[in-house]
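K.L.:
The structure that follows is given in the form of structure tokens.
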Amino acid sequence: MSQPCAIVAGGAGFVGSHLCRRLLREGYEVVCMDNLLTGRHRNIAALESLGPFRFVHWDVTRRIRLPGEVEVVFHLASPASPADYLRYPLETLAAGSAGTQNTLELAREKDARYILASTSEVYGTPHVHPQPETYWGNVNPIGPRSVYDEAKRFSEALVTAHRESCGIDTAIARIFNTYGPRMRNTDGRAVPTFIAQALSGRPLTVTGTGAQTRSLCYIDDLVEGLLALRASSVAGPVNLGNPHEITMLGLARLILHATGSASTITFSKRPEDDPDIRCPDITRARRELAWAPKIGLSEGLERTIAWFRTHAGTRDAVVRTTML
């Protein structure tokens, strides 16, 4: 009996590479598609040794043609950090529109389950806290973050329309802030930025007063949530994140303690439309997927810091590539 095949669009990115690794351990044949705009070869360099893994250098905004049967398509292809989507605004919008359309067409052609990696950013600066899936959000459609927020909101609408009009077996995961090994220390997100600053002895730069909050989910927990959604018949949207909330100032202090760094903390201007609060209501995930995060923030940060100590300066690797 042949192995089931999973397509991971954006598989060379932070979340995608961890998902690819976990799928291989689940016994899947994995096809990783990535144009390497923000993904990295080094994230997937060791995956061929774990099972049938194939990297395809491809931009999913172009039509996708792949031979063979496919069981599931994960669409994670998009710049995801503020630094990246502000640098690549048009590419971000294209990934959420044409990229979503093309991956949906692939799932339709293969009669595969389809999982969209959406985001907590669809809630914008929320007026409801914590945020349940029933909340429609408060998003600035023309602000600096809109290229990402609206791309994901459009993706959700497109996925829903294809499910209802074409009968595709789809699901939407709204991913909240996630951290762990293989994050780039230049991607602008708080955890890798603070860790890199602490380990190098530089001041940790907290924006605003640091009173704004985030809820941080360790990558292994998130991947388990995505796999639970894949194995279910749930359409979603489903929030996947850790409901433990922490201020950015509190996070900076926690990382200073965990690294043993003597760095100081400095303050800078907050970015425009930066949310004041962010925390998932995961009642639906608990009820419908029997999923909840298991790894606490202290343990997750210890694992992440250990990785940064040994890998942050590693050069990119060469991976055998297949072209469509």
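The values are calculated or read from the model by the stated rules, or taken from the named source; none is laboratory data. This is a predicted model, so every value here is computed, not measured. Cβ atoms come from the backbone with ideal geometry, glycine included; neighbour counts cover every protein chain shown. Each accessible area value is taken on the protein alone, full model and side chains, heavy atoms only, with ligands, DNA and RNA left out. Shrake-Rupley method; radii C 1.70, N 1.55, O 1.52, S 1.80 Å.
K.L.:
Between Arg303 and Asn140, 0.36 nm times their residue separation minus their Cα-Cα distance comes to what?
P.N.:
Length difference between fully extended and current span is 55.1 nm.
K.L.:
Return an integer: the convex hull volume of the alpha-carbon atoms of region 195-324, in Å³ per residue.
P.N.:
Cα-based convex hull of region 195-324, divided per residue, equals 174 Å³.
K.L.:
Share of antiparallel DSSP beta bridges in the chain, in percent to the nearest 5?
P.N.:
Counting DSSP beta bridges with both partners in the chain, the antiparallel share is about 10 percent.
K.L.:
Can you send over the carbon and sulfur percentage of the accessible area for the chain, probe radius 1.4 Å, protein chains only?
P.N.:
52 percent
K.L.:
Does region 84-173 come out rounded, prolate or oblate, given a ≥ b ≥ c as the square roots of the eigenvalues of its C-alpha gyration tensor, rounded meaning a/c under 1.5 and, failing that, prolate meaning a/b above b/c?
P.N.:
oblate
K.L.:
Two decimals is fine: what is log10 I(q)/I(0) at q = 0.08, 0.16 Å⁻¹ for the chain, from a Debye sum with one equal scatterer on every Cα and no solvent?
P.N.:
-0.34, -1.47
K.L.:
With an 8 Å cut-off on Cα pairs and a minimum separation of 6 or more residues, tell me the relative contact order of the chain in percent.
P.N.:
This gives 20 percent for the chain.
K.L.:
Would you mind pulling out the separation of the Cα centroids of region 212-274 and region 2-58, in Å?
P.N.:
After rounding, the separation between the Cα centres reads 23 Å.
K.L.:
What is the set of long-range amide H partners of Tyr88 at a cut-off below 5 Å, with H atoms built 1.01 Å from backbone N?
P.N.:
Sorted by chain and number, the residues that satisfy this come to none at all.
K.L.:
Compute, for Phe308, the solvent-accessible surface of its heavy atoms (probe 1.4 Å) with the complete set of protein chains present, and express it in square angstrom to the nearest 10.
P.N.:
10 Å²
K.L.:
A further question follows. Using just the alpha carbons, could you tell me how many Å³ per residue the convex hull of region 131-272 encloses?
P.N.:
Convex hull of Cα atoms, per residue: 130 Å³.
K.L.:
Between 0 and 90 degrees, rounded to the nearest ten: what's the tilt of helix 98-110 against the longest Cα principal axis of the chain?
P.N.:
40 degrees
K.L.:
With angles folded into 0 to 90 degrees, how steeply does helix 219-231 sit against the dominant principal axis of the chain? Use alpha carbons for both and round to 10.
P.N.:
Between helix and principal axis, roughly 30 degrees.
K.L.:
Follow-up question, since we're still on this one. So what's the net charge close to Gly236: Lys and Arg +1, Asp and Glu -1, counting the other residues with Cβ under 15 Å from its Cβ?
P.N.:
+3
K.L.:
Now for a separate question. Longest span of the chain, sites excluded, free of GluC sites (Glu not before Pro) in DSSP loop with at most 13 other C-beta atoms within 10 Å?
P.N.:
Longest site-free region, per DSSP loop and neighbour criteria: 70-271.
K.L.:
Moving to a separate point now. I'd like to know how region 1-110 sits against the 2.2 N^0.38 Å rule of thumb: what's its Cα Rg over that expected value?
P.N.:
Here the answer is 1.02, to two decimals.
K.L.:
Let me ask something additional. For the chain, report the accessible area per residue in Å² (1.4 Å probe, heavy atoms, rounded to an integer).
P.N.:
Result: 43 Å² per residue.
K.L.:
Moving on. Could you give the length gained by full extension between Thr283 and His244, i.e. 0.36 nm per residue of separation minus their alpha carbon distance, to one decimal place?
P.N.:
Once the chain is fully extended between Thr283 and His244, it gains 12.7 nm.
K.L.:
Local charge sum around Leu222 (other residues, Cβ-Cβ under 12 Å, Lys/Arg +1, Asp/Glu -1)?
P.N.:
Residues near Leu222 contribute 0 overall.
K.L.:
Restricting to Cα pairs below 8 Å that are 6+ residues apart, what does the relative contact order work out to for region 88-219? Please round to a whole percent.
P.N.:
27 percent
K.L.:
Here is a further query. Taking 0.36 nm per residue of separation and subtracting the Cα-Cα distance, what length does fully extending Cys166 through Asp276 add?
P.N.:
Contour length minus Cα-Cα distance gives 35.7 nm.
K.L.:
I've got another one for you. Do me a favour and compute the ellipsoid semi-axes for region 123-202 from its Cα gyration tensor, root of five times each eigenvalue, largest one first, whole Å.
P.N.:
Semi-axes from the Cα gyration tensor: 31, 16, 13 Å.
K.L.:
Further question: Roughly how tilted is helix 248-259, in degrees to the nearest 10 and between 0 and 90, from the longest Cα axis of the chain?
P.N.:
90 degrees
K.L.:
Right, next: Run lengths n ≥ 4 of DSSP H only: what is the helix-derived mean residue ellipticity at 222 nm for the chain, with -39500 (n - 2.57) per run over all residues, to the nearest 500?
P.N.:
-10500 deg cm²/dmol
K.L.:
Follow-up. Roughly what % of DSSP beta bridges within region 169-271 run antiparallel, to the nearest 5?
P.N.:
The antiparallel fraction comes to roughly 25 percent.
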